[in-house]
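Structure record follows, encoded as C-alpha cells.
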Amino acid sequence: MPMTMTQKILAAHAGLPEVRAGQLIQAKVDLVLGNDITAPVAIREFYGAGFDTISDPDKIVLVMDHFAPSKDILAAENCKICRDFARKYEIKHFYDVGVMGIEHAFLPEQGLVAPGECVVGADSHTCTYGGLGAFSTGYGSTDMAASMITGETWFKVPEAIQVKLTGALRPGVSGKDVILHLIGLIGVDGALYQSLEYTGDGVASLSMDARLTIANMSIEAGAKNGIFPVDAVTEAYLKGRVSRPYTVYEPDPDAVYVRTVEIDLSALEPTVAFPHLVENARPIGEVGEVEIQQVIIGSCTNGWLSDMQAAAEILAGKKIHPNVRCIIIPATQQIYLTCIERGYAKIFVEAGCAVSTPTCGPCLGGHMGVLAAGERCVATTNRNFVGRMGHVGSEVYLASAQVAAASAITGKISDPRVV
C-alpha cells in the first residue's frame, strides 16, 4: 500500500513491510532525549519500577538546558539527579553547563540526528528533527523511562497533511513567518495527531535553520510530527556532522494525504502571533500600535546562528528603546562563540542587550526574563499561552528574530524592513 514519508520510517522501525494510518505499532527508537525538567521524572519512574539496567546508554541524550545554570535549589537537585544517573549508567551523551545548548538546536549541531531515524524525547518540540528528514516526536516522561529500559516505544501511525510550498521567501521574511502563517491558516488543532509533510519546489529555497524552525513549531498546530524531504541543503548540513550510514525515505507518488495546504512563500509577509494562541497570526501590516516592554531573541525555535545574524544586522549602530529590555540567547555554545568571533555579541552589548549562555529559561517563564502583570513581550519563542512567560496578566507576541530586533529599537511591534 502507498505510504507517506513518516509512515515509511515508522514501518522500518517496527520491522514491518508497511503500516497504515491508525495502526498501533511497537517501534525501535534511535535516540531517547530528556532534559533537566523531564528526565528527573523519568529517572524516578525508572527506579520506582525496580529497574537497574538500560537498553543502550549510547542512545540516551540528557541535556541540562531548561533551568540551567540552576536558578534555584529545586533546579539544582533535578540537575544532580541527571548527573548521577548519567555517571552510573555511563551515558556519554550527557551535556551540562558550559558544553550544552538548547536541546533541539544542539542535537542537530552535534550530528546526533540523521535522516530516516526515529527520535523520541520528553519535550514536545522534539519534532524539530523532522527538518532533517527524521521522524521525531515528543512524549511523556513515563514513556521516556520505558524507552530507556526497552529501546522501544509505541505509536499510533498518523495520517498526513501535505503542505506544498512554492516560490521563495523575500528579504525580511523567514521560516518563522512560514509556520506562523500556516498555523494561522489551519489553527492550533488543525493537524491534531497528524503528520505535517512539507513538499514542493519551495522547499529547496529554505535554509536548514528555516526547516528546523518550521518542524519545531509543527506541534503548535497539534501535529504528531513535521517532516521535510532530504535534499542538497540537508546533505550539505550533515556533511562533517554525521558519518554513520542513514536511510533517506521519500513518500510514494500515490501516498494518501487527508488534505493539501498550498503556500506561496513569495507572498508571505513578516507575521506576528497575538496572545494567547499561536493561531492568532497577523501579517505585520495588520498589527497596529502595540507597545512592548521586553524582547526575547533565542529559544529552540529561533536561537540559530541565522537569527543572531539577522538581529545583529538590524541592531548594528542602534540602541534598544529605553522602555524595552532586550535579552538575546544563542541556542548553543558554538553559536555563542561564533557570535563573539563575528562581532555580533559586541553589537548586542553596545545596543543595550543582555546576552546569555544557552538556556530555555524565559520561553517557559522559568528565569532570564519573567514578565510582570501588564507587560508585553515580543519573543522568537514558540508559545504564547496565558502566563507562558510569567504573570497571567502579561502578553507574549510571537515573531521572527527580524521583527523582534526591530521592535526592540522602536519600543513597539515593527516591520524590520522599514526600521
Review point. Would segment 142-158 turn up any residue that is more than 27 Å from G48 (Cα to Cα) and among the aliphatic types (A, V, I, L, M)?
Key: yes
Exercise for review: Scan E269, E250 and give me the residue that is under 30 Å from I284 (Cα atoms), modelled with pLDDT of 95 or more, in a loop (DSSP other than H, G, I, E, B) and of a type outside the set (A, V, I, L, M).
Suggested key: E269
**Study point:** Subset of segment 126-151 [part of a helix (DSSP H, G or I) and under 21 Å from W304 (Cβ atoms)]
**Key:** T126, C127, T128, Y129, G130, G131, L132
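Of all residues in segment 406-419 being hydroxyl-bearing (S, T, Y) and out of contact with any strand residue (DSSP E or B) (no Cβ under 7 Å at 6 or more places or on another chain), which is surrounded by the fewest Cβ atoms within 10 Å (Cβ to Cβ)? Can you show your working first?
So the first thing to find is which residues in segment 406-419 are hydroxyl-bearing (S, T, Y), and the list is 407, 410, 414.
Then drop every residue that is not out of contact with any strand residue (DSSP E or B) (no Cβ under 7 Å at 6 or more places or on another chain), which leaves 410, 414.
Details: T410: 17, S414: 25.
Only one residue tops the list, namely T410.
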Point to revise | Filter result (closer than 20 Å to N302 by Cβ and open to solvent by 50 Å² or more (accessible area, probe 1.4 Å)) within segment 371-387 | key: R376, F385
Practice item. Consider only pairs whose beta carbons are under 8 Å apart and that are at least six residues apart or on different chains; among these, list those whose first residue lies in segment 211-240 and is under 12 Å from S136 (Cα atoms) and at pLDDT 95 or above and whose second residue is in a helix (DSSP H, G or I) and of a type in the set (D, E). Key: none
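Those residues that are outside any helix (DSSP H, G or I) and small (G, A, S), I need them from segment 170-226; list them, please. First the steps, then the outcome.
Let us first name the residues in segment 170-226 that are outside any helix (DSSP H, G or I), namely 170-174, 187-200, 206-207, 222-226.
The answer is G172, S174, G187, G190, A191, S195, G200, S207, G222, A223, G226.
Would you pick out the residues in segment 193-215 that are under 22 Å from R259 (Cβ atoms) and open to solvent by less than 10 Å² (accessible area, probe 1.4 Å)?
The answer is S195, L196, E197, Y198, G202, V203, L206, R211, I214, A215.
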**Study point:** Pairs, first more than 22 Å from D58 (Cβ to Cβ) in segment 141-157, second among the basic types (K, R), C-beta under 7 Å, six or more apart
**Key:** V157/R20
Study note, to complete from the structure: Counting only helices (runs of 4 or more DSSP H) entirely within segment 18-110, those with at least 3 residues that are touching a helix residue (DSSP H, G or I) at 6+ places or on another chain (Cβ under 9 Å) and closer than 30 Å to Q7 by Cα are 38-48, 103-109
Study note, to complete from the structure: Of the candidates V349, V403, V396, the one satisfying the condition of being β-branched (V, I, T), buried (at least 18 other Cβ atoms within 10 Å of the Cβ) and in a helix (DSSP H, G or I) is V403
Check your understanding: Do we find that A255 is more than 22 Å from the chain's Cα centre (by Cα) and either closer than 23 Å to L305 by Cβ or surrounded by 17 or more Cβ atoms within 10 Å (Cβ to Cβ) (or both) in this structure?
Key -> yes
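The values are calculated or read from the model by the stated rules, or taken from the named source; none is laboratory data. Quantities reported herein were computed from a predicted structural model and do not represent experimental measurements. Reconstructed Cβ throughout: ideal geometry from the backbone, glycine too, with neighbour counts over all protein chains shown. Surface areas here come from the heavy atoms of the whole protein model, side chains and all, with no ligands, DNA or RNA. Shrake-Rupley method; radii C 1.70, N 1.55, O 1.52, S 1.80 Å.
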